[in-house]
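We did not get these values from a lab; they are worked out from the coordinates using the rules stated. Please read these numbers as outputs of a predicted model, since none were measured by experiment. With ideal geometry, Cβ positions are generated from the backbone for all residues, glycine too; neighbour counts draw on all protein chains shown.
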Amino acid sequence: MNPPGETVPVSRPGAFRTAARLLSLCMVGEIRIAIAGVALMLSGSVLALLQPWPLKFIMNVVATKKSPPEFLIAAQHLMAHLVPFGHGKLGLIALLCLALLLISLGSAAISVVSTWLLIASGLRMVFKLRCRVFEHIQRMPIGFHDATTVGDSLYRITWDTYSVQSLFNEGLVPGIASVVTLLGIAVVMVGQDWSIAVVALIIGCLLLLLVRRLEKPTTELSTRVHEHESRVSTRVEQTLGGIRAVQAFGRETHESTRFANQARESLKANLRLTLLQTGSQSGVAVLLAFGTAAVIWMTARRVIAGELSPGDIVLMAGYTAMLFKPLETLSYTASSIQGSVAGAIRVFEILDKKSLICDLPTAVELKSPVRGEIELDHVSFRYRPEQTVLRDVRLKIPAGSSVAIVGPSGAGKTTLAGLILRFYDPVQGRILLDGSDLRDLTLQSLRRQIAIVPQEPVLFDVSIQENIAYSRPDATVNEVHAAARAAGAWDFIQALPEGFDTTIGERGVMLSGGQRQRLSLARAFLKDARIIVLDEPTTGLDAQTEADLLATLKRLMAGRTTIIIAHHLHTVRHVDQIVVLQGGEIIQTGRHDQLIEHDGLYRHLYELQSQPHRQSVEVS
């Protein structure tokens, strides 16, 4: 059974099936350009098949008295009218050298155009795949993100997605070109001497068997390399994300050691892969050298016996080298495909995860405006089978009222708020909004009615204007300014050098805690949702800032259904209802004055926090 909010994995197919699946997914919209590029590349390959022939004719002109073919004689007569050195053997050799040059220039020009088309197409596939993976990851449920490091997701988006370009530009395209070239060379060689062609093809088959034998270990080692590189990325992200703690506790050396250990494992995996690849390439080189020597020896015997001309040695040697070149390319292509499949597998590990938190086929839009009545009907929840967080919770929150969820650490307060936002679904029971089960509503329409002010404000490295407008991108400048005034942020924003255009750094590091929280409140004011979730937004603030912020919060809460996750009980004395959780169960409910009269957990916590030099009771 999958944990609530988690994902359903899909079984992993073979390497070449994975490669074919990824290419078919990303080649949509690129097929015409890809066909044009491949067609050009094939025409260049066909043109390149003519290269050995001028060399054969040159050798025959130099070494024998045999007359050249009629078409060469006709071409030489034509050239003799244009240049003074077009007569005799030297004129014929000049003509053949010119033909060799034109063949090379034409092949090179075609290669430039086809390569540009195909590389550009491959890069566009990377772009599409990156966008698709990013879109999928950010829509995965909170349970997925809780279990997956940011560094791993980052590596899959930025590096594993390049697998599609490798498969296309280093796998599919050269594979097609090599097969066509191989067939063309085989036909020509068989036409010249079938026995020599058979020897060359036997060597080629041995080469393919070697490549096939190395497929599995190469794929496995490539996968390990990707996994270790992902861990290195995760280590960097975690260390730099907590750089203040690292420096404050003087843990730079410790973190450097941990990073070096991760990087060393990645180095070892890379070295093992490199050793396998270089070893296989050496085996390929030996086979190619053996095949070339065998073909030249057999051709030379036929020349000595008078069965072939001296030029045929050059021709067959040239075609043998050309025959082994596509075979060599195919061997490297297979290796490249196997390495790229490791990244493709990691991409599909993400894309194949199906979120359990999604819109049902029968889900309907939640119509605005909502009243905001929330009811938890026998709700139970657990992250894992052995870890029950909430047990049979029954709670009704009238529309427009305020309720505080309090209790010791691990009581399930944050989980309860997450269920209302439908970050997770209950394993038992249901949550109703205005009488409708949340699972019967579309996620977008539900979350449009809820604004959240988290304990740690979530701010981005963009301008203050953009940060506030994040909750309502279509808001006008005047609406953003009005929200800033309502949140008490106007004065400090105006004091900044660039006002609302000021960029505040990653996570708002250029602002104080109180200023960051006011921007978070401004975002909630701007959204103007009927339901507000407050995760103790005054934690960590000084007394004066906290008092000012509480006054702002009262304005935000007015007329709205408000759920407060309370860390400090003195901040929730005036709410309509206080719910005390312990061990995932509701053990007390009532107003502050009612609960304080009874000898229960609430009074115990309140008195503990009211003592001089009290320690704040931290909760999740």
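Some notes on this structure:
- Within-13-Å neighbourhood charge of I563 [Cβ basis; K, R +1; D, E -1]: -1
- Residue exposure sequence - D593, D576, D312 - by fewest surrounding Cβ within 10 Å: D593, D576, D312
- Once the chain from V477 to C131 is taken as fully extended at 0.36 nm per residue, the excess over their C-alpha distance is 121.6 nm.
- Peptides ranked, highest mean first, by Cβ atoms within 10 Å: ranges 132-139, 178-185: 178-185, 132-139
- Per-residue Cβ neighbour rank within 10 angstrom, fewest leading, R382, R430: R430, R382
- Counting only residues at least eight positions apart within a chain, or on another chain, the aspartates and glutamates with an alpha carbon under 14 Å from that of K527 are E466, D474, E479.
- Estimated FRET transfer efficiency when R0 is 30 angstrom, pair K268-T503 (beta carbons, to 0.05): 0.15
- Computed from the Cβ-Cβ distance with R0 of 41 Å, the FRET efficiency linking A495 to A108 stands at 0.05.
- Placing +1 on each Lys and Arg Cβ and -1 on each Asp and Glu Cβ, with no other charges, gives segment 357-448 a dipole about its Cα centre of roughly 240 debye.
- Amide H partners (placed H, <5 Å) of D425, local residues excluded: G5
- Zone of V187's modelled label, taken as backbone nitrogen in segment 39-54 under 16 Å from a point 7 Å along Cα→Cβ: 42-51
- Distance between the 7 Å Cα→Cβ label points at L275 and A289: 2.2 nm.
- Projecting the Cα atoms of V403, A547, I110 onto the charge dipole of the chain, computed from C-beta unit charges around the Cα centre, puts I110 farthest toward the positive end.
- When each of the peptides 90-96, 470-476 is scored by how many other beta carbons lie within 10 Å of its residues on average, the order from highest to lowest is 90-96, 470-476.
- Contact order normalised by residue count of the chain, Cα under 8 Å, 6+ apart, percent: 16
- Extreme residue, positive dipole direction of segment 7-354, given options A99, C26, W53 (C-beta unit charges): C26
- Amide H partners (placed H, <5 Å) of D535, local residues excluded: V453, Q455, I565
- Cα-Cα over 27 Å, subset of K128/K325; K216/K325; K89/K325; K268/K354; K128/K216; K353/K396: K128/K325; K89/K325; K268/K354; K128/K216; K353/K396
- Segment Q455-V364, length gained on full extension (0.36 nm per residue, minus Cα span): 29.6 nm
- Cut-off under 5 Å, modelled amide H: who pairs with Q582 long-range: I587
- Vicinal HN-Hα couplings computed from phi for segment 495-509 (Karplus, 6.51 cos²θ - 1.76 cosθ + 1.60; Hz; Gly/Pro x): 6, 6, x, 10, x, 5, 8, 5, 7, 9, x, 4, 6, x, 5
- The phi-based Karplus calculation (6.51 cos²θ - 1.76 cosθ + 1.60; θ = phi - 60°) puts the 3J(HN,Hα) values of segment 161-176 at 5, 5, 4, 5, 5, 4, 5, 7, 7, 10, x, 5, 5, x, x, 5 Hz, whole numbers, x for Gly and Pro.
- Listed values (1) 121, 55, 51; (2) 158, 90, 35; (3) 82, 62, 45, entry calculated as Cα extents along the principal axes in Å: (1)
- Check: the chain dipole with +1 on Lys, Arg Cβ and -1 on Asp, Glu Cβ, in debye: 1700
- Helical content alone sets the calculated 222 nm signal of the chain at -20000 deg cm²/dmol, taking -39,500 (n - 2.57) per DSSP H segment of four or more residues and averaging over every residue.
- Rounded to the nearest 20 debye, dipole of segment 7-354 from Cβ charges on Lys, Arg, Asp, Glu: 340
- Among M27, M316, M298, a tally of other beta-carbon atoms within 10 Å of each Cβ gives an order, fewest to most, of M298, M27, M316.
- Each residue of segment 459-466 was assigned a 3J(HN,Hα) from its phi angle through the Karplus expression (A = 6.51, B = -1.76, C = 1.60, θ = phi - 60°), giving 10, 10, 7, 9, 6, 4, 4, 5 Hz with x at Gly and Pro.
- Distance between the 7 Å Cα→Cβ label points at M298 and H570: 9.6 nm.
- FRET efficiency estimate (nearest 0.05) - Cβ-Cβ, V179 to D528, R0 56 angstrom: 0.35
- Ordering L315, A74, T218 by Cα displacement along the dipole of segment 7-354 toward the positive end leaves T218 in first place; charges were set at the Cβ atoms of Lys, Arg (+1) and Asp, Glu (-1).
- Cut-off 11 Å between beta-carbons: net charge of the residues surrounding L129, Lys and Arg +1, Asp and Glu -1: +3
- Point-to-point label distance, D599-Q51, nm (Cα→Cβ direction, 7 Å offset): 9.7
- Most tightly packed first, judged by the mean number of other beta-carbon atoms within 10 Å of their residues, the peptides 104-116, 30-42 read 30-42, 104-116.
- Average Cα contact separation per residue, segment 7-354, under 8 Å, 6 or more apart, as relative contact order %: 32
- Distance between segment 362-402 and segment 452-521 - C-alpha centres, whole angstrom: 30
- Once the Cα-Cα distance is subtracted from the 0.36 nm per residue extended length, the R371 to R213 segment shows a gain of 50.2 nm.
- 13 Å beta-carbon shell around I313, net charge (K/R +1, D/E -1): 0
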